[in-house]
Amino acid sequence: MPDSLFSRERAWSLLNEHTQSPGLIKHALAVESCVRSYAQRLADASGLVGDDREALLDTWSATALLHDFDYEKHPSTDEHPFVGIAILTEQGWPEEVRTAILGHAEYSGVPRTSQLAKALFACDELAGFLTACSLVKPTKSIHDVDVAGVKKKMKDKAFARGVHRDDIVKGAAELELPLEDHIANCIAAMQASAETLGLEGSLPASS
Ligand SMILES: [Fe+2]
Ligand SMILES: [Fe+2]
């Protein structure tokens, strides 16, 4: 059983205690959907079942939800994610969670050695980019996003300028996946959570 003190549920509460912006909450949920899909792959590959499997999924979900939980109040590189890490340390969150969160910020200098840290870094910028790719579709739907279209948008420097393409490429390499596979995995994960992410698309106007 996941320790209830350090569960996805607790992470969700902590995120909402510190974050008002619906966009940041959606970002956390989008990253969670992608990271959790990699947790499922790892659990499958390792033959994890039952409580062990649930514990892995819960820890990876919680980490993704918390990776930017201090960002709204402390966005500078001097403070994010260090203020959040101080809070997590005080609360006794596991080292694995804290190290992965530090690793998503390259400037922290903390290396990404665990699969969790690699997955978090790989999914962070890509989830944001896939959201942007969805929102420029007439339907605003993640279901209309495909790998070829995403790769094309990655070359369009004027599109979603804030997203670091290099980090997406580096993230896939750290996961030892072809970029196309990583993009496809994250599209599928976000499609499965489309409703939660507000990316299920608009219904055609009734006549
Ligand atoms: Fe961040
Ligand atoms: Fe992020």
Taking HIS80 and the conditions (1) open to solvent by less than 70 Å² (accessible area, probe 1.4 Å); (2) within 12 Å of ligand 2 (Cβ to nearest atom); (3) in contact with a helix residue (DSSP H, G or I) (Cβ under 9 Å, 6 or more places away or on another chain), which numbered condition does it fall short on, given that it satisfies the others? (3)
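Quick check: anything in segment 90-97 under 18 Å from the mean Cα position of the chain (by Cα), away from ligand 2 (no atom under 13 Å from the Cβ) and of a type in the set (A, V, I, L, M, F, W, C)? First the steps, then the outcome.
Of segment 90-97, the ones under 18 Å from the mean Cα position of the chain (by Cα) are 96-97.
Going one step further and asking which of them are away from ligand 2 (no atom under 13 Å from the Cβ), we end up with 96-97.
Checking which are of a type in the set (A, V, I, L, M, F, W, C) leaves us with 97.
The answer is yes; a qualifying residue exists.
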Say whether the condition of being touching a residue at least 24 places away in the same chain (Cβ under 8 Å), in contact with a His (Cβ under 6 Å, 6 or more places away or on another chain) and over 19 Å from ALA194 (Cα atoms) is met by at least one residue in segment 120-127. yes
Checked segment 98-142 for anything among the hydrophobic types (A, V, I, L, M, F, W, C) and over 15 Å from the mean Cα position of the chain (by Cα); matches are VAL110, CYS133, LEU135, VAL136, ILE142
For ILE101, which of the numbered conditions (1) β-branched (Val, Ile, Thr); (2) within 15 Å of ligand 1 (Cβ to nearest atom); (3) open to solvent by 20 Å² or more (accessible area, probe 1.4 Å) fails to hold? (3)
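The values are calculated or read from the model by the stated rules, or taken from the named source; none is laboratory data. Everything numeric here is computed off the predicted structure, so don't read it as measured data. Here Cβ is always computed from backbone atoms with ideal geometry, including for glycine, and neighbour counts include all displayed protein chains. Surface areas here come from the heavy atoms of the whole protein model, side chains and all, with no ligands, DNA or RNA. Shrake-Rupley method; radii C 1.70, N 1.55, O 1.52, S 1.80 Å.
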